[in-house]
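Below: the structure, in structure tokens.
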Amino acid sequence: MRCLTIQIPPQFVATFDRTEFLLRVRELGRSPEIDAFSEEGNHYLSFNFFTEMPARLWDDLQQNLYRHPEYGAIISQSSIAVCDGEQEADDYLLLHHFDPAEACVSLS
């Protein structure tokens, strides 16, 4: 089982519309595990999707979130998407970063 996570960095948490995001992912038949916590004055928000088919899930999320005509600009500019490696010791794979200068990988 792999975990694909969409993280909302602290600088975007206050303005991020969690309800709209959840409505959009639930349209895909997904209900993520939500991690929301504060540490040293910073608020963190992550949506964790557990799957046996991370490439298929990532394709669905890209199509319905990141490439959406209106919502794509919102989520693309305020999130980081990662997928954990297949082995416990593996690092995560960076799939999307709000900073386009960050190098991302593909699951395809």
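Coordinate-derived values only; no laboratory data. Predicted model only: the values in this text are computed from it and were never measured. Virtual Cβ from ideal backbone geometry, glycine too; neighbours counted across all protein chains shown.
The table that follows gives values for the structure above.
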read-out: HN-Hα J in Hz across region 70-81 - Karplus 6.51, -1.76, 1.60, θ = phi - 60°, x for Gly and Pro; value: 9, 6, x, 5, 5, 6, 5, 8, 9, 9, 10, 10
read-out: Linear extension gain, Gln63 paired with Gln77, 0.36 nm per residue minus alpha-carbon span; value: 3.5 nm
read-out: Burial order of peptide ranges 4-11, 60-67 (average beta-carbon count within 10 Å, highest first); value: 4-11, 60-67
read-out: Theoretical gain in end-to-end length, Glu40 to Leu23 [0.36 nm per residue, Cα-Cα removed]; value: 3.1 nm
